[in-house]
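The values are calculated or read from the model by the stated rules, or taken from the named source; none is laboratory data. A quick note: this is a predicted structure, and the numbers were derived from the prediction, not measured. Here the Cβ positions follow ideal geometry from the backbone for every residue, glycine too, while neighbour counts run over all protein chains shown.
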């Protein structure tokens, strides 16, 4: 693969960045619009469910499609359909029709289409990038995504405050079209089905084959399991930090802003560090395990912290460690899973990523209303460390994870 891959990568990442920025801006603007218009926590809960659950369900099938069809065309089709759905909603609201159920339907459609797009993007990246550069590119991609989390709220606030929600929808349509046009410039080969796959195979058959592949590949299974445990145990503490601040340190707005800033900057720094230094790491599983242990210790630290700035810095470091876990995990799956199965594996991985944190909030969130938030954080951190010890105590887990490091070396 010549240096032409760098040009293709820049065009691909440019298109995905523009498209993702539009989606993020819409997400923030819709949340604020519903808050202003209804002031209802139930409505916000429904909007979160509409924006997340369809993606978790559809990503399973999206992974199958990514292994059966052109991944490039799937991404283009999903982005185009998102643009059409958003445009229809914008035109309806412009004409004076703006019922809540229409917004929920539009968010659900967008979420479902993201479930098709996500596995295709992750599975297609190794087709563009040489294997030795995957870690660096994944780190750079995470840095860009995290950076947009800092930038998108400001854009959403400026546009929504000055022109309203409809203008935000039109911006998303434009960014989606731009992403599609840029992706059209990137040549990508069609996926070749695995050897021995002859004749037509049903989607359900391909889905079962993906399940059997994950079940029969201990290294893939344990890498995904490690990510699931960390995201589940640390998901709720990450979302409960504003509550702890207001209860323990004060309800000043600047404190909440600093907390959000530190967590966002931590994600940016973590992605950048992995982009620069990640390729030098050969023992990736050891790095992932060390990062997971660090997250557990620091989540406990959040619970016992009595100083706001110590608390904030701990959150920043947790986010750096999140990236130190997630970037190598995605890279390992891209490297070790054969191309014909990669879409399905990332479909299942998408479920892990999209479900872990909401389920974590369902489990730990109510506890924070009955007990001190500090206690809930200490409990979550201790449980995470206990799960890691239990996982690594299993000989099969240690051997499977060691196989990953041996392959990388």
query: Quick one: is residue 325 within 19 Å of residue 145 (Cα to Cα), surrounded by fewer than 23 Cβ atoms within 10 Å (Cβ to Cβ) and touching a residue at least 24 places away in the same chain (Cβ under 8 Å)?
result: no
- Answer with yes or no whether residue 82 is closer than 22 Å to residue 165 by Cα and surrounded by fewer than 17 Cβ atoms within 10 Å (Cβ to Cβ). no
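Residue by residue, here is whether (1) at pLDDT 85 or above; (2) surrounded by fewer than 19 Cβ atoms within 10 Å (Cβ to Cβ); (3) touching a helix residue (DSSP H, G or I) at 6+ places or on another chain (Cβ under 7 Å); (4) not assigned by TED's automatic domain parsing to the domain that holds residue 34 holds:
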residue	(1), (2), (3), (4)
160	no, no, yes, no
164	no, yes, no, no
169	yes, no, yes, no
172	yes, no, yes, no
176	yes, no, yes, no
179	yes, no, yes, no
191	no, no, yes, yes
194	no, yes, yes, yes
All-but-one check, residue 306 against (1) surrounded by fewer than 20 Cβ atoms within 10 Å (Cβ to Cβ); (2) part of a helix (DSSP H, G or I); (3) modelled with pLDDT under 90, failing number (2)
>> Residue under question is residue 92, and the condition is that it be over 30 Å from residue 333 (Cβ atoms) and not assigned by TED's automatic domain parsing to the domain that holds residue 328; does it hold?
In response: yes
If we ask which residues in the range 85-109 are at pLDDT 90 or above and surrounded by fewer than 14 Cβ atoms within 10 Å (Cβ to Cβ), their number turns out to be 1
query = Within the range 389-396, is there a residue that is within 21 Å of the chain's Cα centre (by Cα) and assigned to a helix (DSSP H, G or I)?
reply = no
Worksheet item: Somewhere in the range 284-294, is a residue over 20 Å from the mean Cα position of the chain (by Cα), surrounded by fewer than 19 Cβ atoms within 10 Å (Cβ to Cβ), outside any helix (DSSP H, G or I) and in the same structural domain as residue 238 (by TED's automatic domain parsing)?
Response: no
Would you mind stating whether residue 334 is within 30 Å of residue 207 (Cβ to Cβ), touching a residue at least 60 places away in the same chain (Cβ under 8 Å) and in the same structural domain as residue 244 (by TED's automatic domain parsing)?
yes
Those residues of the range 162-192 that are assigned to a helix (DSSP H, G or I), touching a residue at least 40 places away in the same chain (Cβ under 8 Å) and farther than 19 Å from residue 85 by Cβ come to a total of 1
Could you say whether any residue in the range 246-267 is outside the structural domain of residue 59 (by TED's automatic domain parsing), closer than 29 Å to residue 338 by Cβ and buried (at least 21 other Cβ atoms within 10 Å of the Cβ)? no
